[in-house]
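Colleague: Here it is, the structure, as structure tokens.
The values are calculated or read from the model by the stated rules, or taken from the named source; none is laboratory data. In this text, all values refer to a predicted model and were calculated from it rather than measured experimentally. Cβ coordinates were reconstructed from backbone atoms using ideal geometry, including for glycine residues, and neighbour counts include every protein chain displayed.
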Amino acid sequence: MRRYFADANYDFIAFRRVAYGVTGALIVVSLLALAIWRLNYSIEFTGGTLVRIEMKDHAPLDVGQTRAALDANGIKGAEIQSFGGPGEYIVRARTAKEGSDADNTQETASAVGTALDQVAGQGNYTIQSSGAVGPKVGGELRSKAFLAIFYSFLAVLAYLAYRFEWRFGLAAVAATAHDIVLTIGFIAVMRIEVSLVVVGAVLSMVGYSLNDTIIIFDRVRENLHKYKRDHFSDILNRSINETLPRSILTHGTSLASLTALAVFGGEVIRPFALVMFFGVFTGTFSSIYIASPVLMMIEQKWPGADIRGVKTIAARPAGEPKQPVGAKG
Amino acid sequence: MIVTTLRSRLILTGLVLLAAIAALVPRNIKIRERGIDGVIRDTTQRRVPLKLGLDLQGGMHLGLELDQSKRISSDPAKDLDLALIVLRKRIDEFGVTEPLVQKQGDDRIVVELAGVTDPVRAKQIVQKSAFLEFRITDRSRSLDKALPAMDRALQRLGVQASSGVAAPSAVEQLLQGDSGQQHVADSLAPVVGGALSSLIDPNADIPGEYLVEEGAVVRVDSLLNLPDVRALFPRRYEYRWSSAPISLGAKAYRALYVLEERPIVTGSNLVDAKEAIDPLTSGPIVTFELDRKGARDFGEGTARNVGNYMAIMLDDRVQGRPPVIQERIERRGQITLSGKSITEARDLALTLRAGALPVPLKIVEEAQVGASLGEDSIRKGMIAGVAGTLFVVFIMIWVYQQAGVLAVAALGLYVVISLGALAMIGATLTLPGLAGLILSVGIAVDANVLIFERIREELLLGKTVRLSIDEGFRHAMSAIVDSNVTTVMTALFLFQFGTGPVKGFAVTLSVGILCSLFTAVFVTRTFFMMWLDRKPTMQTLSI
């Protein structure tokens, strides 16, 4: 039996104030980054320029090299697609610069020309036409996705209130909302272009984080029944420690396969891997340091006849852990 | 006891796997296409019936522009934006095919459809403008009274009654300003009545209906559009042609209807339309439902016109013969499509639901496009996917040893079953959709990790192997169920409110989670039972 982090006994909850400071700072950084840089949307959202290319003698074009050359010439996330017959391609692209559509069209077309000179060589291709194209997805995609997440939060609250207790639902939703803010902040700080793939990554992160929180809460629910006399923070610590082997293994596997995606996936898949990579971290962090302490805070503020039938909980001063802080591998 | 359960579990697993494989077996797909010579023919291709999206596979590309030859647009920019919205709705009604509908420049719309097997039908759906109107036919028969004056006007222009065959050329000359002095030889046929009245035959039964011989339709249309004739046309009335010819005896006729200028209600007040089969005639019909305002207008209009005839017009053509209004009609009604197939009724219902195009569109460009992600990205993505999978397999087997092998085997089944399920429901797989699938793989692995960790805990408590496995599965279930139910709930909301790729993500995630629950819990359990069955006296578990 190869067990890792078995019988661990870390006092996670004791460090919650440090964690609050860290996450508060990160939230401030996220909001600042969003305010200063804003999100950089991909051509799928903004539209851009469509350039049509015909290769001389219908020779094939090395799409991978062209993409890399475009990247070097300031055009990120270009779509290069075969079109009609052999040796004919369309490129949908957009320069990162702000400006009017007309400026952008000319600039993009010339940047595409420069890249093609490097890859195919001058005179080996002709630019048939270039012109502006509108966005692929309507602006409603963003607002509707957020709306959907908002409604699903309400549903999760209701479900967890039924299966656990309303406190658990509130704490889980708070943790997930925290993750959404931090992940979007991460996207802004890293200047990652928001493409449909990145939207997919953010949605995956939401599912992943919620999953992780509920797995710890499931153990909390069980331990509340088992150890009726223990203090709430001890029960939280015990639950986090007991699920630690699972957490390490699941997150480890996720990070391993995301690393593979980031390293081998190429320009199109890398943003997905990066965002999910960050999402795994923040999802794990928030399950331990947002969901659990928030649950405890709610318990202290609104003590009620809960699952255990316990009426009140005495708050223990912070920094006075009952259990020793220690590690066993 | 255990043997019978094990057997039934194995049978169920086998059946699910077989169904998935059956859904993935490459099969012949008929592709209907209009060749360069204009003939529609079917070709067959053999392929795996899993639909890949535009980003992974490419598809059919159509460039569309406003066709102002039929209806002039007063504000082309606005009409193009409207057309964009209507096309999005029309093509992506169920939200899982993920087409591309994009504006190009100021005057063109690009539509790209993934894996189209019937391009002719696809083009029809894109082009049909679906402008629905209900208008009352002219009960006063005012055209009958106006015809003599029209004949006289035509006579002044020098147009004679003719057999109608060479008519267009005569009219063309007139329009080119030849002042009508030259007479075309063909048009010197014996005159019975006037140039128009000889071609238009009023129907005694339905006021406002006139029959014109199929061969004379173009001539009548041209004559009625001459400025001098148009000026004599009854005021507040317009004429429209029927959509299909009527055969009477050996001859084919086209009906011409004189209709009130103002429709009593239009398709913009329509909220729902469905195709159906008329139980009486067993022909296809489209039933529709109007919104509150539409129902009120329709109710007032029909109540005022009981006993009159009402023409149902689609794209300026009268559908079928106008029925007589028996009584006040409000919310619901139906359109009879004589001589059409149920597919056409379904397409009509679909286009009516999505709304009308403000101006018809013409196809100015048609081509096959490759994958929008580019072949290079797809290749790299596949390498990355394989590498990621190998990592997972390695970690699972390293940590859980023989039990890990079982989990990996279940994961293999998961891949086949989830792809089979996606093929069965006809979902289109795109890159955001693959993200959902990857997440569900992660969840499948996590479910196994949860179960195995639990089994270990039970073993460490000193329980027997058999009991530990039972308890491990039982205790892990609550966490697995609760976490998956919330994830599926999120996915359902994303499906309900999301658009395009968000919907695709939601579909693959929900399907993936259902399949992962089956393989990670049910199939893995079955594997454990097999294992115990073969070694009933096992004292230690390789986990």
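Colleague: Looking at the stretch B:132-157, I want the residues that are more than 19 Å from B:Asp297 (Cα to Cα) and have a partner that is acidic (Asp, Glu) and modelled with pLDDT under 85 with Cβ atoms under 7 Å, at least 6 apart or on another chain. Which pairs are those?
Modeller: Hits for this filter: B:Ala153/B:Asp228; B:Leu157/B:Asp228.
Colleague: Regarding B:Gly333, is this residue over 17 Å from A:Arg67 (Cβ atoms), small (Gly, Ala, Ser) and either touching a strand residue (DSSP E or B) at 6+ places or on another chain (Cβ under 7 Å) or within 14 Å of chain A (Cβ to nearest Cβ) (or both)?
Modeller: Yes, satisfied.
Colleague: Further question: Would a scan of the stretch A:148-161 turn up a residue that is within 17 Å of the chain's Cα centre (by Cα) and among the β-branched types (Val, Ile, Thr)?
Modeller: Yes; the residues of the stretch A:148-161 include at least one that is within 17 Å of the chain's Cα centre (by Cα) and among the β-branched types (Val, Ile, Thr).
Colleague: Filter the stretch A:259-312 down to the residues that are at pLDDT below 90, among the aliphatic types (A, V, I, L, M) and within 30 Å of A:Glu193 (Cα to Cα) and list them by number.
Modeller: Residues satisfying the conditions are A:Ala260, A:Leu261, A:Ala262, A:Val263, A:Val268, A:Ile269.
Colleague: Out of the stretch B:441-483, which residues are within 26 Å of A:Pro271 (Cα to Cα) and facing another protein chain (nearest Cβ under 9 Å)?
Modeller: Within the stretch B:441-483, B:Val441, B:Gly442, B:Ile443, B:Val445, B:Asp446 qualify.
Colleague: Restricting attention to the stretch B:490-502, and to residues there that are assigned to a helix (DSSP H, G or I) and crowded, with 20+ Cβ neighbours inside 10 Å, which single residue is farthest from the other protein chains (Cβ to nearest Cβ)?
Modeller: The extreme case among them is B:Ala491.
Colleague: Checking the condition within 29 Å of B:Arg108 (Cα to Cα), assigned to a loop (DSSP other than H, G, I, E, B), in contact (Cβ under 8 Å) with a residue 40 or more places away in the chain and out of contact with any Ser or Thr (no Cβ under 7 Å at 6 or more places or on another chain), which residue from B:Ala345, B:Ala371, B:Ala349, B:Ala356 passes?
Modeller: The match here is B:Ala371.
A quick yes/no check of all residues on (1) more than 14 Å from chain A (Cβ to nearest Cβ); (2) in contact with a Phe, Trp or Tyr (Cβ under 9 Å, 6 or more places away or on another chain); (3) in a helix (DSSP H, G or I):
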position: B:Ala384; (1), (2), (3): no, yes, yes
position: B:Gly388; (1), (2), (3): no, yes, yes
position: B:Val393; (1), (2), (3): no, no, yes
position: B:Ala409; (1), (2), (3): yes, yes, yes
position: B:Val416; (1), (2), (3): yes, no, yes
position: B:Met424; (1), (2), (3): yes, no, yes
position: B:Gly433; (1), (2), (3): no, yes, yes
position: B:Gly436; (1), (2), (3): no, yes, yes
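Colleague: Here is a further query. Within the stretch B:405-423, track down each residue that is without any contact (Cβ under 8 Å) to a residue 40 or more places away in the chain and crowded, with 16+ Cβ neighbours inside 10 Å.
Modeller: Result: B:Val408, B:Val415.
Colleague: Filter the stretch A:162-184 down to residues that are more than 22 Å from the chain's Cα centre (by Cα) and either at pLDDT 90 or above or surrounded by fewer than 21 Cβ atoms within 10 Å (Cβ to Cβ) (or both) and give me whichever is nearest to the other protein chains (Cβ to nearest Cβ).
Modeller: Per the stated criteria, the residue is A:Arg163.
Colleague: Also, quick follow-up: Looking at B:Lys123, B:Lys145, B:Lys103, which is the one that is within 21 Å of B:Gln57 (Cβ to Cβ) and either small (Gly, Ala, Ser) or at pLDDT 80 or above (or both)?
Modeller: B:Lys123
Colleague: Just checking, which of B:Ser187, B:Ser162 is over 30 Å from B:Val306 (Cβ atoms), modelled with pLDDT under 85, part of a helix (DSSP H, G or I) and in contact with a helix residue (DSSP H, G or I) (Cβ under 6 Å, 6 or more places away or on another chain)?
Modeller: Only one candidate passes the filter, namely B:Ser187.
Colleague: Still on this structure: Give the stretch B:370-404 a look and list any residue that's polar (S, T, N, Q) and surrounded by fewer than 20 Cβ atoms within 10 Å (Cβ to Cβ), or say none.
Modeller: If the condition is that a residue be polar (S, T, N, Q) and surrounded by fewer than 20 Cβ atoms within 10 Å (Cβ to Cβ), then B:Thr389, B:Gln401, B:Gln402 are the ones that fit.
Colleague: Return the pair list, or none, for Cβ contacts closer than 6 Å from residues in the stretch B:461-473 that are under 10 Å from B:Leu541 (Cα atoms) to residues that are buried (at least 16 other Cβ atoms within 10 Å of the Cβ) and of a type outside the set (A, V, I, L, M), at least 6 apart or on different chains.
Modeller: B:Ser468/B:Glu458; B:Ile469/B:Phe528
Colleague: Here's another thing I want to ask about it. Out of the residues in the stretch B:115-136 meeting the condition of being among the aliphatic types (A, V, I, L, M) and over 24 Å from B:Gln334 (Cβ atoms), tell me which one is surrounded by the fewest Cβ atoms within 10 Å (Cβ to Cβ).
Modeller: B:Val120
Colleague: Can you name every residue in the stretch B:512-522 that is surrounded by fewer than 24 Cβ atoms within 10 Å (Cβ to Cβ) and more than 16 Å from A:Asn211 (Cα to Cα)?
Modeller: Matches in the stretch B:512-522: B:Phe518, B:Val521, B:Phe522.
Colleague: Next question, about the same structure. Testing B:Asp221 on (1) in a helix (DSSP H, G or I); (2) modelled with pLDDT under 85; (3) within 16 Å of B:Met150 (Cβ to Cβ); (4) not aliphatic (A, V, I, L, M), one condition comes back false. Which one is that?
Modeller: Condition (2) is where B:Asp221 drops out.
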